[in-house]
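Peer 1: Here it is, the structure in full.
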Amino acid sequence: MTTSTTEAATVTKQLPEEFAALSRFSAWILPTEPERYTKRLASSMEEMQDLYDVGMEHLDAALDYCDKFDINDLPDEARNLFHLLQSVVMVSFPIECWSQARVPDSGAAYVALVHEPVV
């Protein structure tokens, strides 16, 4: 059986069982900063607030879970959880400081990340 590109894009990435409450945010499980930034710009403040509130509620437990593993050899579910935490960080400034997705007074400016750690 083949899976169309559309179907493959809607597959939910798995999280560790104890973080099932975060599974509705699987669209935020993105491996790179540019993908997370693009998602942030395309999201409403309500969506980001929801991710932030639920993500912060689970932050300590999620970090403790990820710390059980070598960062260079994370199991897929732990890696997905780690990427989701990175998205929580990505929305933290818009939620805590700016009340908007874009950096205030930045116009069309954008900083391209040349190199980032790969997890």
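Peer 1: For region 30-83, report the % of Cα-Cα distances exceeding 12 Å.
Peer 2: That tail contains 70 percent of the Cα-Cα pairs.
Peer 1: Right, here's the next one. How high is the relative contact order of region 15-98, in percent, counting Cα pairs under 8 Å that sit 6 or more residues apart?
Peer 2: 47 percent
Just so you know, all these numbers are worked out from the coordinates, no wet-lab data involved. This one's a predicted model, so the numbers in the text were calculated from it and none came from an experiment.
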